[in-house]
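Q: Take a look at this one; I'll ask things after.
Please treat every number below as a calculation from the coordinates, not as lab data. Fair warning: this is a prediction, and the values are worked out from it, not measured in the lab. Backbone-built Cβ (ideal geometry, glycine too); neighbour counts: all protein chains shown.
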Amino acid sequence: AFLVAPVESYKEITKVYLPQGEWYYLFSDQKHQGNQVIYQDSPLNYLPVYVKAGQVFAMQSDIEHTGATHDGILRLHVYRGKTGAEFVFYEDAGEGLEYLQEEYFQRSIHYKPESESLILEKSTGKRSSQYQKLRIYFHGFELKTVNVNGKSHAVQHADDAFLEKLTEFDPLPEHHHPYFEIKNLPYLELPHTGEEWVITHLF
């Protein structure tokens, strides 16, 4: 799903070869055609990272250590593309051997551009998810409503950033470095249960 371009810390711009396909710059959603070399600004606070169009990945809120509690929201990022992908979400207790007795929560997630749909299959395993809400971000889409299991559902919009602003306590003053935020990003919130979700009308 990701392409990470290594760059020396003293360089402010670097050349990046993007393979065939379409690629989104992670921090701004700027889209590039692949099979070419591009020039990418590479300030010290932003490593060049790209997401391949059609891919899906999951994130959670920041935590300071593995024993800390997150905010209970599973964030799913879907990138519009001409070809889709499958993403398998899996969670268990994180320790012990209970997963051998199917004490886990697992589901396959399919983005299918040919049918303009996102399908979250019914979960498998005996465990309930530790996330109470599912927030799906739609990158590259222009959406106002979608259909969820056959019913129309309004889509919300918000500005979102993968990296927060540097604080005044950071050694690199913020006014010397750019800050990227994806504006008006459409997203959908659902309860994170094990039932199947079929989301359509993804234009």
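Q: Scan the stretch 97-150 for trypsin sites (Lys or Arg not before Pro) in coil per DSSP, keeping those whose Cβ has at most 14 other Cβ atoms within 10 Å, and list them by number.
A: On the way: sites: R107, K122, K126, R127, K133, R135, K144; in loops: K122, K126, R127, K144.
In loop regions of the stretch 97-150 (DSSP not H, G, I, E or B), the sparsely surrounded trypsin sites (Lys or Arg not before Pro) are K122, K126, K144.
Q: Can you compute the modelled spin-label distance between A68 and K11, with each label point 7 Å from Cα toward Cβ, in nm?
A: According to this spin-label approximation, the distance is 3.2 nm.
Q: Starting from 0.36 nm per residue, how many nanometres of slack lie between L97 and E116 once their C-alpha separation is accounted for?
A: On the way: separation 19, 0.36 × 19 = 6.84 nm, distance 3.92 nm.
Value of the extension gain: 2.9 nm.
Q: Calculate how large, on average over all directions, the projected area of the Cα convex hull of the stretch 41-100 is; give the answer in nm² to one decimal.
A: Details: hull surface 27.3 nm².
That works out to 6.8 nm², a quarter of the Cα hull's surface.
Q: Of the cross-linked pairs K82/K112; K31/K82; K52/K112, which ones have a Cα-Cα span greater than 19 Å in the structure shown?
A: Working: K82/K112 9 Å; K31/K82 13 Å; K52/K112 15 Å.
Pairs exceeding 19 Å: none.
Q: Longest segment of the chain with no GluC sites (Glu not before Pro) in a DSSP loop having at most 13 other Cβ atoms within 10 Å?
A: Working: sites that count: E8, E12, E64, E95, E102, E142, E164, E168, E195, E196.
Answer - 13-63.
Q: Using 7 Å Cα-to-Cβ label points, what is the A1/H201 separation (nm, one decimal)?
A: 2.6
Q: With a cut-off of 8 Å between alpha carbons and a minimum separation of six or more residues, what is the relative contact order of the stretch 91-156 in percent?
A: Details: 66 pairs, mean separation 14.7, N = 66.
This gives 22 percent for the stretch 91-156.
Q: Just check the stretch 83-203 against the gyration tensor rule for me: Cα atoms, a ≥ b ≥ c as the square roots of the eigenvalues, rounded for a/c under 1.5, and otherwise prolate or oblate depending on whether a/b exceeds b/c. Kindly include the intermediate steps, with their values, before the conclusion.
A: Values: a/c = 2.53, a/b = 1.26, b/c = 2.01.
Oblate is the answer for the stretch 83-203, as a/c is 1.5 or above yet b/c matches or exceeds a/b.
Q: Identify the chymotrypsin sites (Phe, Trp or Tyr not before Pro) of the stretch 1-32 meeting these criteria: DSSP loop state and at most 15 other C-beta atoms within 10 Å of the C-beta. It would help to have the intermediate numbers written out before the result.
A: Details: sites: F2, Y10, Y17, W23, Y24, Y25, F27; in loops: Y10, F27.
Counting only loop positions with at most 15 other Cβ atoms within 10 Å, the chymotrypsin sites (Phe, Trp or Tyr not before Pro) in the stretch 1-32 are Y10.
Q: Same structure again: Putting +1 on Lys and Arg Cβ atoms and -1 on Asp and Glu Cβ atoms, find which of A58, T83, W23 reaches farthest to the positive end of the dipole of the chain.
A: After comparing all options, I get T83.
Q: Run the numbers on the stretch 66-122 and let me know its relative contact order in percent, using alpha-carbon pairs under 8 Å that are six or more apart.
A: Numbers: 61 pairs, mean separation 18.0, N = 57.
Rounded, it is 31 percent for the stretch 66-122.
Q: Q130 label point, 7 Å along Cα→Cβ, cut-off 13 Å on backbone N: hits in the stretch 44-87?
A: 60-74
Q: Name the residue from V37, G150, I109 whose Cα lies farthest towards the positive end of the charge dipole of the chain, charges +1 on Cβ of Lys and Arg and -1 on Cβ of Asp and Glu.
A: Checked the options; the winner is G150.
Q: Starting from the 7 Å offset along Cα-to-Cβ, what nm value, one decimal, do you get for the label separation of H157 and Y39?
A: Using points 7 Å along Cα→Cβ, the separation is 3.3 nm.
Q: For the chain, calculate the relative contact order in percent as a whole number, restricting contacts to Cα pairs under 8 Å that are 6 or more residues apart. Spell out each step's value before the answer.
A: Working: 452 pairs, mean separation 38.7, N = 203.
Computed over the chain, the figure is 19 percent.
Q: Can you report the principal axis dimensions of the stretch 1-47 using only the alpha carbons, biggest first, rounded to whole angstrom?
A: Each principal axis gives a Cα extent; for the stretch 1-47 these are 29, 18, 15 Å.
Q: Using +1 at the Cβ of each Lys and Arg and -1 at the Cβ of each Asp and Glu in the stretch 69-131, identify which of G94, L120, L74 lies farthest towards the dipole's positive end.
A: Looking along the dipole axis, the top candidate is L120.
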